[in-house]
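What follows is one structure encoded as structure tokens, with my remarks underneath.
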2 protein chains.
Amino acid sequence: MTKVNKNFENLVPNYLFADIAKKTNEFIKANPDKKLIRLGIGDVTLPLAPVVVEAMKKGCEELGVKETFKGYPDYEGYEFLRTAISDYYKSFGVNVSADEILVNDGAKSDAGNIGDIFSEDNVILVTDPVYPVYVDSNIMAGRKILYADGTEENNFCAMPNPDVKADIIYLCSPNNPTGACLNKEQLKAWVDYANENNALIIYDAAYEAFISEDDIPRSIMEIEGARTCAIEMCSLSKTAGFTGTRCGYTVIPKELELDGTNIYKLWYRRLSTKFNGVSYPVQCAAAAVFSEEGQKQTRENIAYYKENAKIIAETMDELGIKYTGGINSPYIWLKCPNNMGSWEFFDYLLNNIYVVGTPGEGFGKNGAGWFRLTSFGDRENTIEAMNRLKGLMKK
Amino acid sequence: MTKVNKNFENLVPNYLFADIAKKTNEFIKANPDKKLIRLGIGDVTLPLAPVVVEAMKKGCEELGVKETFKGYPDYEGYEFLRTAISDYYKSFGVNVSADEILVNDGAKSDAGNIGDIFSEDNVILVTDPVYPVYVDSNIMAGRKILYADGTEENNFCAMPNPDVKADIIYLCSPNNPTGACLNKEQLKAWVDYANENNALIIYDAAYEAFISEDDIPRSIMEIEGARTCAIEMCSLSKTAGFTGTRCGYTVIPKELELDGTNIYKLWYRRLSTKFNGVSYPVQCAAAAVFSEEGQKQTRENIAYYKENAKIIAETMDELGIKYTGGINSPYIWLKCPNNMGSWEFFDYLLNNIYVVGTPGEGFGKNGAGWFRLTSFGDRENTIEAMNRLKGLMKK
């Protein structure tokens with residue numbers, strides 16, 4: 001008799017986005033004349049850069065000609081792309097060689113699947129608020145999960161507690177959902193903790209392209225000691241608008257050895273069994289992102305989102321609302337004014353100024369009373385939403 | 001301290017293709033003047049059909065325009081593609097609804113990952129010779145694996161043994177590597193066995209497009225009783241030359257319930273945690289495969305490979321060499337003549353007629369003394385290789 005994985009029963013159903021959609025749709029139905037503005041989504045809206053589209057189309061054309069046709073790709077990605085990513089790291093002073101990079105169909109796949117190579121009796125540490133993938137993928141494997149609290153007091157930068165013994169630690173900086181960033185000193189403290197405990201840090205750098213301040217590391221590999229305790233996952237989703245194109249990469253230092261085992265080789269064994277590489281035209285598109293022209297064009301899109309974030313952050317400053325993010329991140333994580341709860345504030349914005357955001361408690365217990373706005377909308381709509389908010393709060 | 005998954009230590013290193021490459025390269029180095037012909041690869045060589053390339057390029061262009069830009073795709077794939085696949089099933093008389101289809105980045109990913117939703121104490125049954133993914137992915141999870149022997153006596157169609165109790169069964173028909181096909185009666189016997197044992201069949205239909213004989217089912221869903229015990233995995237890799245484009249699909253009947261759990265919902269929960277959908281242009285390309293013009297163009301490629309297979313099979317007939325496959329499959333699985341071993345025959349062909357094939361023992365113990373040739377090469381080279389073989393064997 002087939003037996004299912006009973007760990008799935010321990011997953012907490014997260015109806016956050018379904019509930020948001022339901023409330024929003026009900027409002028639209030009851031108020032067809034009101035102009036709704038959505039600042040809740042975590043998806044990008046600007047199109048791919050022209051040079052990226054051209055490279056992807058060229059890749060498609062090559063697949064249509066016998067002489068340039070490509071069959072099964074390398075599991076770890078084409079060398080031309082891995083070299084481009086390695087050069088990208090060099091551009092901000094980090095040494096990661098092309099043979100330490102493994103290309104994937106999006107960071108979520110690797111973040112979800114990386115647990116395959118680790119024992120089920122590792123103790124996991126995540127920060128709360130948290131991107132749900134880290135939690136759910138480990139619940140599915142039956143692992144024990146500890147939480148490090150991100151709170152108003154620590155500006156949502158949870159720091160290691162030497163008395164807590166964890167084996168695998170997930171860090172995301174700039175953070176989803178809080179936009180908070182670990183500075184070099186803070187990240188060094190985590191690296192030291194991991195090395196002292198022979199633990200692994202899985203570092204999610206999906207939002208690194210939004211970093212503009214010098215003291216915020218763009219890669220954990222900048223930090224001394226990281227190569228003996230950390231792997232890094234990054235994505236082109238937010239860097240270059242690849243949410244629908246699907247490409248990311250994982251960095252595993254060649255010398256990283258845990259439990260007497262080389263981690264690159266272990267992960268490669270997993271890849272070669274359960275994965276067959278990334279679509280050739282997608283890899284061509286990804287490589288174009290890292291070309292000189294590609295960087296210029298995609299940076300324009302990031303600058304657009306960052307300006308939106310600035311407009312939101314300045315509105316919070318003006319209104320005296322406490323927040324994290326907004327500078328090195330597309331997210332603004334704000335404390336609901338007047339001690340409102342997350343959902344209370346959601347309803348308040350929806351019903352009064354027709355603006356949709358994301359209640360913070362969907363990301364963990366420390367999100368209660370907090371709220372996420374994103375900078376991925378239109379400029380015009382972002383400005384209008386903030387003007388409406390000012391009007392509402394200054395009443 | 002991080003602990004790795006020790007089950008990986010139980011994986012048997014398979015150096016088959018590495019060993020083939022090594023021997024082949026040594027031969028080339030020693031014999032630069034000899035024209036080598038490769039009939040060992042399982043990868044396609046013909047380019048994508050023109051209508052497929054055009055659709056993929058159009059998808060790329062849409063991503064470059066704000067009004068038609070696409071962000072995160074649905075986890076299960078776009079409805080336009082799932083409907084196209086559902087209609088494709090209808091074209092050969094099988095009812096699979098669009099909401100029973102889940103699009104992926106290649107059947108190997110789902111075949112490797114499906115185990116996530118099942119307990120580790122299921123007993124697995126695979127046929128031997130076997131596609132290594134079924135075995136290795138279950139060794140990684142620490143599951144017990146039983147083998148059903150495919151042999152010369154049963155024409156490499158292993159049948160269920162009522163005394164063997166398995167919980168999850170992997171079947172691949174047309175088979176990789178043997179090219180052998182289960183007919184409707186044989187597949188019905190497996191379905192009955194699964195239903196009687198409350199077991200699950202994971203049916204790999206990756207080569208269904210090569211089937212031309214009426215009695216060979218193209219989908220397990222043709223078989224009465226399959227919807228209560230089977231899921232099906234298929235791929236565009238061999239159907240439409242998508243090995244480098246990356247797209248496949250899994251079919252899970254909506255009513256399939258095992259261990260009191262709806263399997264579609266369980267798998268969807270896994271998908272939404274560890275996957276973010278397939279690249280939009282790739283889904284556009286896949287949908288084009290199932291258009292009228294797409295079917296016409298891709299069928300021409302399949303006809304080309306099938307003619308190659310026929311040329312190889314007729315050569316085997318002429319030489320009195322026993323084989324399976326070659327009719328409803330791109331593979332010809334032949335018994336090494338003169339009681340040669342698999343590697344002995346490999347060396348014999350390489351050194352005498354400069355033809356590279358695949359030693360059968362790389363696919364399991366029952367592959368010893370057998371050899372795989374594929375039809376994915378050039379017509380001209382296939383004919384020349386067979387002429388050389390005739391010359392060699394008739395000496």
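Taken together, the values in this text are just the output of simple stated rules run on the coordinates, not laboratory data. Here the structure is a predicted model, which means the values were calculated and not measured. Here the Cβ is made from the backbone with ideal geometry for all residues, glycine too, and neighbour counts use every protein chain on show.
Under a Gaussian network description of chain B, with springs only between Cα atoms under 10 Å, the residue in B:Lys57, B:Lys184, B:Lys274 that fluctuates furthest is B:Lys274. Note on A:48-61: average number of Cβ atoms from other chains within 10 Å of each residue's Cβ is 5. Computed over chain A with a Gaussian network model linking Cα atoms closer than 10 Å, the most mobile of A:Asn183, A:Asn154, A:Asn276 is A:Asn154. Building the convex hull from the alpha-carbon atoms of region A:42-81 and averaging its projection over directions returns 4.4 nm². Under a model in which nothing but the beta-carbon of Lys, Arg (+1) and Asp, Glu (-1) is charged, region A:50-290 shows a dipole of about 880 debye around its Cα centre. Distances from B:Pro50 to itself in the other copies, using label points 7 Å out along the Cα-Cβ axis, amount to 2.9 nm in increasing order.
Comparing Cα centroids, region A:341-395 and region B:320-395 end up 67 angstrom apart. Spin-label model, A:Asn195/A:Asn25: points 7 Å from Cα along the beta carbon direction are separated by 5.2 nm. Estimate the FRET efficiency between B:Glu257 and A:Thr228 by the formula 1/(1 + (r/R0)^6), using the beta-carbon distance for r and 60 Å for R0, to the nearest 0.05. Result of the calculation: an efficiency of 0.80. For the options A:Lys34, A:Lys238, A:Lys310, a Gaussian network treatment of chain A with springs between C-alpha atoms closer than 10 Å singles out A:Lys34 as fluctuating the most. Which value in Å is the Kirkwood Rh of region B:52-290 over different Cα pairs? Hydrodynamic radius (Kirkwood, Cα pairs) of region B:52-290 is 18.3 Å.
Shape of region B:319-395 from its Cα gyration tensor (a ≥ b ≥ c, root eigenvalues): rounded if a/c is under 1.5, otherwise prolate when a/b > b/c, or oblate? Taking the square roots of the gyration eigenvalues as a ≥ b ≥ c, region B:319-395 is oblate. Here the alpha carbons of region B:231-375 define both size measures, Rg and Dmax, at 20.2, 59 Å. Distances between equivalent label points of B:Glu224 across the copies, with each point positioned 7 Å along Cα→Cβ, amount to 7.6 nm, shortest listed first. By the count of other C-beta atoms within 10 Å, a proxy for reagent exposure, A:Phe371, B:Phe376 are ordered fewest to most as B:Phe376, A:Phe371.
Evaluated on region B:111-217, the Kirkwood hydrodynamic radius is 14.1 Å, with distances taken between all distinct Cα atoms. Every other copy gets compared here: list the nm distances from the B:Asp99 label point (7 Å along Cα to Cβ) to its counterparts, shortest first, one decimal. B:Asp99 label point versus its equivalents elsewhere: 5.1 nm.
Within the protein assembly as shown, DSSP assigns beta bridges of which about 50% are antiparallel (rounded to the nearest 5). Close amide H partners of B:Val123, meaning residues 5 or more places away or on another chain with modelled amide H under 5 Å apart, are B:Asp167, B:Ile168. Take each residue of peptide A:102-114, count the partner chain Cβ atoms within 10 Å of its Cβ, and average: the result is 4. Here the scattering of region B:44-157 is modelled by Debye summation over its C-alpha atoms, one equal scatterer each and no solvent; at q = 0.16, 0.18, 0.22 Å⁻¹ the log10 of I(q)/I(0) is -1.06, -1.13, -1.21. Extension gain for B:Asn339-B:Glu153 works out to 65.4 nm (0.36 nm per residue, less the C-alpha to C-alpha distance). Per-residue ellipticity at 222 nm computed for chain A from its helices equals -12000 deg cm²/dmol, with DSSP H segments shorter than 4 residues left out and the rest contributing -39,500 (n - 2.57). Selection among A:Ser173, A:Ile383, A:Leu349 by position relative to the dipole of chain A gives A:Leu349 as farthest towards the positive end (Cβ unit charges, Cα centre).
Shielding of peptide B:267-278 by partners, expressed as the average count of other chain Cβ atoms within 10 Å per residue Cβ, is 6. Taking the Cα centre of the protein assembly as shown as reference, the dipole from Cβ charges on Lys and Arg (+1) and Asp and Glu (-1) amounts to some 680 debye. Amide H contacts of A:Cys172: A:Asp204, each under 5 Å away and 5 or more positions distant or on a separate chain (H built 1.01 Å from N in the peptide plane; Pro and chain starts excluded). Across region A:183-224 the C-alpha pair distances fall into 10 Å bins from zero in the proportions 28, 54, 16, 1 percent.
Pairs of Lys residues in region A:50-290 that lie 8 or more places apart, or on two chains, and have C-alpha atoms under 13 angstrom apart add up to 4. P(r) for the protein assembly as shown, from all Cα pairs and a bin width of 20 Å, is 16, 47, 30, 6, 0 %, short bins first. Taking 7 Å steps out from each Cα toward its Cβ at A:Leu36 and B:Asn95 produces label points 3.6 nm apart. For region B:95-112, in order, what is each residue's ³J(HN,Hα) by Karplus, 6.51 cos²θ - 1.76 cosθ + 1.60 with θ = phi - 60°, in whole Hz (x at glycine and Pro)? Those phi angles translate into 8, 10, 7, 4, 8, 10, 10, 10, 7, 9, 8, x, 4, 4, 4, 5, 4, x Hz. Residues whose amide H falls under 5 Å from that of B:Arg38, counting only those 5 or more places apart or on a different chain, are B:Val356, with hydrogens built in the peptide plane. Only beta bridges with both residues in chain A are counted; by DSSP, about 50 percent of them are antiparallel.
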